[in-house]
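Report on the structure given below.
The values are calculated or read from the model by the stated rules, or taken from the named source; none is laboratory data. Just so you know, these numbers come straight off a predicted model, no measurement behind them. Neighbour counts run over all protein chains shown; Cβ positions are idealised from the backbone, glycine included.
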Amino acid sequence: MLNVKAFKKVAVTATAVSALGLATLFPTHTTSALASTGSDAKKGTSVTSGQSTVTVADKIIATGEKYLGTPYKYGAPSGQTKVFDCSTFTQYVFGQYGIKLPRTSASQYASVGTPVSKSNLQVGDLLFFSSSKSGKGKVGHVGIYAGNNRILHTYGQGGVRYDSLSTKWLAASYIGAKRVLKSNTSTNNDTDKPSTDDSKPSTGGNTGSTDDNKPSTGSNTGSTDTNKPSTGGNTGSTNNESSQGSQLADKIIATGNKYLGTPYQFGAKSGQTKTFDCSSFQQYIFGQNGIKLLRSSRQQATQGTSVSKDELRKGDLIFFRTKSSNGQIAHVAMYAGDGKILHTYGPGGVRYDKLSNWMSTFVSAKRMIK
């Protein structure tokens, strides 16, 4: 995933995006940090030979990605980065590039940008959602369109995250979109480096001065695979990945990206994609790329070559215990680079999270890609 230390000049090509580290998160994107096919190509990126060109939209997404996993807090104060609610997150990341947004999601919808249809979304557009399932209520949630039918936003236990716009509650409560970035807005300067569980938002009316809905924080259900450990220490990674192994890891990550937001179901049936549990998800995405994994997380831990947490590479499987597993392996995730994991657990389903949030329950890691 993102190599935060590599925020340098980037050409808007697949190679440069990979150097930035964003291609490890969305390796199928080839024209910008979060570019996508179709209408997303219209977001205004122009490539100048021999120069570094990146759009403001790219920069906004890259800045937002720095805060993946940052906790959600209803009514979080503006201007700080320890916690966000949905509108302070958009306000902050846009503000880093000179774009001032109002404090609340309702105000952002009412007073900034130009309305755009859902079929014409471009990377960097603001997306707005109602406080009811029908999409007819008052605006109560906002996120940033990140391409390929994905939204970068924050809500609930998982904090800042990507989700699919096809996720049931997002699809049902969608109100509209606003474009606050001008077309063909690009920069040839270095990318600015900022300083540095998931629940469905409530369906009731807005409360508090922020006007943004306060998501519920219901506990995870199902197996012990769904328990989120407390925050642990940082981990290292290595940059000496073989080209072939790295490419295969990117393909596996790209396969996993297709299922962001797919619901978690304990004991989900292998081979289908309507729901996953932690191990059926890894079994499926590795299997789609020619690597056969066993069914359970404990069985998968018997495969591959052991690696230390300081030797992690993209594509490695990481195994964890949980509060109720008596020290035994009960969860599996894939390392996606830059200290982040791709996995599924509990409400919110398939997602990226910070590995550091799980390291207190780290058991082992295995390399499945030669």
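Worth a mention:
- One residue alone among F94, F128 is assigned to a strand (DSSP E or B) and either modelled with pLDDT under 95 or not assigned by TED's automatic domain parsing to the domain that holds W358 (or both), and that residue is F128.
- Listed by first and then second residue, the pairs with beta-carbon distance under 6 Å, at least 6 apart or on different chains, first residue in the stretch 53-75 and in the same structural domain as R179 (by TED's automatic domain parsing) and under 13 Å from C86 (Cβ atoms), second at pLDDT below 95 and hydroxyl-bearing (S, T, Y), are Y72/Y155; G75/T210.
- Residue selected from the stretch 274-301 under the condition among the hydroxyl-bearing types (S, T, Y) and in contact with a Phe, Trp or Tyr (Cβ under 8 Å, 6 or more places away or on another chain), by the criterion nearest to D316 (Cα to Cα): S297
- Flag for S230 being closer than 20 Å to Y352 by Cβ and modelled with pLDDT under 90: yes
- Evaluating S325 against the criteria (1) farther than 23 Å from S270 by Cα; (2) part of a loop (DSSP other than H, G, I, E, B) leaves one unmet condition, (1).
So that you can scan it fast, the table gives a plain yes or no per residue for (1) of a type in the set (D, E, K, R); (2) modelled with pLDDT of 50 or more; (3) part of a loop (DSSP other than H, G, I, E, B):
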{"position": "S132", "(1), (2), (3)": "no, yes, yes"}
{"position": "A146", "(1), (2), (3)": "no, yes, no"}
{"position": "D198", "(1), (2), (3)": "yes, no, yes"}
{"position": "G205", "(1), (2), (3)": "no, no, yes"}
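- Selected residue (criterion: surrounded by the fewest Cβ atoms within 10 Å (Cβ to Cβ)) from residues of the stretch 97-125 that are among the hydrophobic types (A, V, I, L, M, F, W, C) and either in a strand (DSSP E or B) or out of contact with any Phe, Trp or Tyr (no Cβ under 9 Å at 6 or more places or on another chain) (or both): A110
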